[in-house]
1. Quote the relative contact order of segment 142-209 in percent (integer), defining contacts as alpha-carbon pairs under 8 Å separated by 6+ residues.
2. Contour minus end-to-end for R236 and D153, with contour as 0.36 nm per residue of separation and end-to-end as the Cα-Cα distance?
3. Students sometimes get this wrong: rank W166, W139 by accessible area, probe 1.4 Å, all chains present, largest first.
4. For the pair I249 and N30, how long in nm is the line joining their label points, each one 7 Å along Cα→Cβ?
5. So for the pair W120, T146, with labels modelled 7 Å out along Cα→Cβ, what separation do we get in nm?
6. Rounded to the nearest 0.05, what FRET efficiency do E258 and Y137 have when you use their Cβ-Cβ distance and R0 = 51 Å?
7. At 1.4 Å probe size, with no ligands or nucleic acids counted, give the accessible surface of E235 in Å², nearest ten.
8. How much of the accessible area of segment 138-267, probe 1.4 Å, is carbon plus sulfur, in whole percent?
Amino acid sequence: MSSLNESIKFYLNIEDPNIIFSDYFKKLINGKYHNLYLAELIQPYCPYYHSSNLKQNGHYTSKRKILSALTEDRSMTGIASIDRFHMVQMLTRSFNIFRVQIMKQFNKSSREYRLLKSPWILYLMKYDKLNRTTPYYDWHFKDYLTQEHIVLDGLDCDQTLENTYWVMQDFMVAIQNNDEKKVIHLLHSKQTVGKQMHQTLLTFKHNYSGVLNGISSTYSNGCLEGVNRKIKQIERTAYGYRNFSHLLIRLEENIVKEKESSFFFAA
């Protein structure tokens with residue numbers, strides 16, 4: 001093992017013996033210099049059968065070139081932050097679980113059950129984005145209602161559900177506006193909320209500095225999470241790829257199709 005590999009592993013705090021670093025350099029990306037590390041991932045044997053034949057039973061691991069990037073600010077200061085994308089995800093998931101619990105307390109033929117079941121996606125939208133002016137006919141309720149009317153009627157089914165909803169909405173608005181004072185106020189709020197939302201707020205309190213750093217930061221992991229979801233969806237559609245290069249080809253085709261569709265709508 002070369003001294004360069006050892007020094008890079010020590011600097012990045014990596015102990016995996018199957019990752020071998022061969023080089024590093026600096027590159028200017030979006031007006032900021034980054035450290036780029038070139039590494040190779042080596043799998044010496046199948047982790048399931050402990051054999052050098054890596055194609056046994058479909059368990060195949062190929063050698064891949066890995067290029068990892070660290071910004072100078074994060075590598076030097078080491079400031080921990082929680083991404084805003086994951087904070088919103090935790091809030092909406094907590095509210096959704098509690099909404100389903102309240103919904104199951106009502107009879108399936110009741111209006112309250114239908115208010116909390118069929119328009120579930122409206123509760124996850126930002127309140128400012130709901131339609132408040134143009135009513136439309138909803139066959140679930142046999143009436144003309146606006147999106148705002150449906151949400152408010154559903155929240156009237158339970159006071160705790162209503163409190164949980166407005167905490168989620170206020171938190172999302174504070175995240176969007178980078179309002180640290182509002183976030184601090186919500187974390188110390190004494191409102192009665194659902195069990196899952198209460199646990200989420202406790203998690204935010206335990207990672208207090210990370211949450212505030214994520215609110216004030218201009219970086220977001222949302223785009224990366226979106227790309228990861230597309231990759232997983234492609235793998236599920238194909239029931240997995242035996243050859244890693246075939247997966248890369250499929251990803252490139254998907255990128256070309258997206259560019260063509262966006263160009264078509266722009267034209």
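1. Values: 28 pairs, mean separation 19.8, N = 68.
It rounds to 29 percent for segment 142-209.
2. Numbers: separation 83, 0.36 × 83 = 29.88 nm, distance 3.84 nm.
The span from R236 to D153 would gain 26.0 nm if fully extended.
3. Values: W166 75, W139 165 Å².
Putting W166, W139 in descending order of accessible area: W139, W166.
4. 3.3 nm
5. Each label point lies 7 Å from its Cα, and together they span 2.6 nm.
6. Working: r = 35 Å, r/R0 = 0.69.
In this case the efficiency is close to 0.90.
7. About 70 Å², rounded to the nearest 10.
8. Numbers: 4670 of 8480 Å².
Result for segment 138-267: 55 percent of the exposed heavy-atom area is carbon or sulfur.
The values are calculated or read from the model by the stated rules, or taken from the named source; none is laboratory data. Being a predicted model, the structure only gives us computed values, none of them experimental. Positions of Cβ are backbone-derived with ideal geometry, glycine not excepted, and every protein chain shown enters the neighbour counts. Only protein heavy atoms, including side chains, enter the accessible area calculation; ligands, DNA and RNA are left aside. Shrake-Rupley method; radii C 1.70, N 1.55, O 1.52, S 1.80 Å.
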